[in-house]
1. Averaged per residue, what accessible surface does segment 63-133 expose to a 1.4 Å probe, in Å²?
2. Hey, got a sec? Which GluC sites (Glu not before Pro) in segment 402-489 land in a DSSP loop and have at most 16 other Cβ atoms within 10 Å?
3. Roughly what would the spin-label model give for THR285 and SER455, points 7 Å off Cα along C-beta, in nm?
4. Can you tell me how segment 408-474 classifies by the Cα gyration tensor, rounded, prolate or oblate, using a/c under 1.5 as the rounded cut?
5. Heavy atoms only, probe 1.4 Å: what % of the accessible area of segment 284-373 goes to carbon and sulfur, would you let me know?
6. Which trypsin sites (Lys or Arg not before Pro) in segment 343-404 sit in a loop by DSSP (not H, G, I, E or B) and have at most 14 other Cβ atoms within 10 Å of their own Cβ?
Amino acid sequence: MVNYRKYISSVAVLASGFFLAQSTVSTVLYSQAYDSQRNTLNLPSPVTSVAEKTILSAKELVDINVNTMMADPVLKNATWGFVVYDPKTKKVISSYNENTPLVPASTTKLLTTETALSLLGENYRWMTQLEYSGTIDENGVLNGNLYLIGSGDPSLGTNKAGAWSYRDIISDFMGGLSREGIKKVNGDIIIQTALFKGNIAMLPENVVWLENNNYYLPVGTTREINPANEKLIVKKSGFASDKKFFYVSPYVKQMVYAEKYEGDGSLTTKLPDAPAYLANTFRTTLVKSGIGVTGKVTPKMTDAAPENRKLVAAYKSPTLGDIVFYTNQHSDNSLAEALLRTVGFQKMGDQTSESGRVVVTGHLKDESFDMIGLNYMDGSGLSRSNNVTPISQVKFLTSLMEEKYYKTYFTSLPVGGQSGTLKRMFIGTGNGQVFAKTGTLNKVKTLAGYLKTNSGKTLVFSLMVNNYSGSVDMVKKRMEKILEPALDL
């Protein structure tokens, strides 16, 4: 009899909640004080009482929370979709708008980083080599040239993912010269980065230019390269002088990072690219160390009659697995775009964003990705023209669980309440149980990945919200509430 009364009581509570969802909520307008006023407004809330949890299954609780959020003032006018999926049974447990194409923001990096791991391998490294041509006489004079051979290392000199600083790389190169007995260079320092030949790329359409009071572009920011002579000359009206600017790439020659700008008309820059900065700093270090260099630093994209050369030293970047970990943990846009161009180069011979997009979409199609609703415009997710459906995300993430690099891929994802961009979400319930990539643009908040249930199962989920009301923190709270009962599945 007691259990029966509890059941009747719970049903009454739920019925009341659903009635209010259809009547009271529709008349309540969103305001900044919404969260603090929620109790006094008598609005429906996700199921949380002990009685309700006792009577209803975990699946029913998930469904009820999703239905409740449809009437929530923050989400009711938004376009959003949700799926929680069982990778073992290959069945949807709960969903809402799962086939709706939505702007994925930085969850786009899930596709980019997986393609790189699949095509290049988790142990792939970029090489930056120091070589010399000619001969070394008895006095240690090199009658020939030094060559810096680049490979498009996106982490070069940045300290990202354990990458060496420029100072460390140059110190290693200096050690190589010492081992060869070179005390003077009677020749040039030649930069050879042939893979960047003609690499002038167009920006993806509808890219986000303004976010968090900064203007920025998605490819290869040089803000961590710290050259002393970086300078931005913006000759175009319409940009606020108090904003910060970010360069597209050292190789596509668009815009550098700067605190201010001047002028109007067009965008140009005087920032040297990363190999040039390394080469010039290397030459300066040689001279200061007493190793004279008679020639200059000069680029040489191609060489019809290459000289015979000997390897002096080689710097290896962190592994691709390390780069992917840093990219997903920090949601690093520049590394994601670099990975996009790298897979383009490996498959199509040129390191452009256009080739990268062709390679990524081709790879996804080959892997039976659900292409319906997919629009892949960049590697990082900064373009608002990107689209993907929640169901395609979860099926994609499910398919990776059988791949040999899955452990590396899974480990790269931020952990709820503990690491990366999820460190401040799921601090209480779900702490250490949610492993997912976040995405954030203005009025776009997304989350996709895996969750470990309280019973030890691994489920896959996607939750994407576009055009919400209120602040991003309010959306994060709703996301946590939607996912909370899924932990009991």
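The values are calculated or read from the model by the stated rules, or taken from the named source; none is laboratory data. In this text, all values refer to a predicted model and were calculated from it rather than measured experimentally. Cβ placement follows ideal geometry from the backbone for every residue including glycine, while neighbour counts extend to all protein chains displayed. To get the accessible areas, we keep the full protein, side chains included, count just its heavy atoms, and leave off ligands, DNA and RNA. Shrake-Rupley method; radii C 1.70, N 1.55, O 1.52, S 1.80 Å.
1. On a per-residue basis, 33 Å².
2. Qualifying residues, ordered by number: GLU403.
3. The modelled label-to-label distance comes out at 5.8 nm.
4. prolate
5. For segment 284-373, the apolar C and S fraction of the accessible surface comes to 51 percent.
6. Working: sites: LYS347, ARG357, LYS365, ARG384, LYS395, LYS404; in loops: ARG384, LYS404.
Answer by residue number: LYS404.
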